[in-house]
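Reading through the structure tokens given below for one structure.
Only the coordinates and a few stated rules stand behind these numbers; no lab work does. Remember, it's a predicted structure, so these values are computed and weren't measured experimentally. Cβ atoms come from the backbone with ideal geometry, glycine included; neighbour counts cover every protein chain shown.
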Amino acid sequence: MLKNQLLQDTNLAQVLFEQAPIGLGISNMQGKLLMYNKMLLQISGFTPEDIEKINSVADLYYDPTDRDTILKNTMEKGFTDKYPVKFKKKDGSFFESLFSLRRILIHGEPHWLALIQDVSEQNASEQKMQETIKELEAMNEMMINRELKMAELKSEIDELKQKLKQ
């Protein structure tokens, strides 16, 4: 009983939408963003006024061909999950995301529900870690070569000592 009451409580839906730790947006089928949460504004840097001026979410993609790919994929499979895509920020730069898209019905009308997880920091950390690993591997290779050279020199010194004794 409590579960049904909670699910029917529109205030709960609004709280969940606003408090989600990922960007959420609902657009009509033409791409006009109708509803979005604070996280979407936070990761993009846009204000509500900026969003109102955007005629289509297509304008938010850093690479416009990504939207075509995502829509095609979503139409074929019925959904898209965690597709890596770059979105524009207000300052003209971009953020890297994992993007999910669902077709939903609102009062019988089809809409798009977009879920945008900003992974810029994770990707930057992963890239830094890969660079560090490469540096460590190069250093290890250098140290191994150095040790081999030292062993080779020690062997040569031992040979020279033997010759001197003779």
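Just one of the numbered conditions (1) in a strand (DSSP E or B); (2) of a type outside the set (D, E, K, R); (3) free of Cβ contacts under 8 Å to residues at least 24 places away in the same chain; (4) within 17 Å of D118 (Cβ to Cβ) is not true of M35; which one?
(4) is the only condition that M35 fails.
Exactly one of these conditions fails for K154: (1) within 30 Å of G25 (Cα to Cα); (2) assigned to a helix (DSSP H, G or I). Give me its number.
Of the numbered conditions (1) within 30 Å of G25 (Cα to Cα); (2) assigned to a helix (DSSP H, G or I), the odd one out for K154 is (1).
Name the single residue, out of those in the stretch 114-166 being within 30 Å of Y61 (Cβ to Cβ) and of a type in the set (S, T, N, Q), that is farthest from the chain's Cα centre (by Cα).
In this case the residue turns out to be Q130.
Quick grid of which residues meet (1) in contact with a helix residue (DSSP H, G or I) (Cβ under 7 Å, 6 or more places away or on another chain); (2) surrounded by 11 or more Cβ atoms within 10 Å (Cβ to Cβ); (3) not in a helix (DSSP H, G or I); (4) not basic (K, R):
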site	(1), (2), (3), (4)
N73	no, yes, no, yes
E76	no, no, no, yes
K82	no, yes, yes, no
A114	no, yes, yes, yes
E126	no, yes, no, yes
E135	no, no, no, yes
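Of all residues being among the charged types (D, E, K, R) and farther than 21 Å from M35 by Cα in the stretch 57-104, which is farthest from the chain's Cα centre (by Cα)? Just the residue, please.
Among them, the one singled out is E76.
Scan the stretch 89-107 and tell me whether some residue there is part of a helix (DSSP H, G or I), among the β-branched types (V, I, T) and surrounded by fewer than 16 Cβ atoms within 10 Å (Cβ to Cβ).
No, the stretch 89-107 contains no residue that is part of a helix (DSSP H, G or I), among the β-branched types (V, I, T) and surrounded by fewer than 16 Cβ atoms within 10 Å (Cβ to Cβ).
Among the residues in the stretch 48-64, are any farther than 22 Å from G108 by Cα and aromatic (F, W, Y)?
Checking the stretch 48-64: at least one residue is farther than 22 Å from G108 by Cα and aromatic (F, W, Y).
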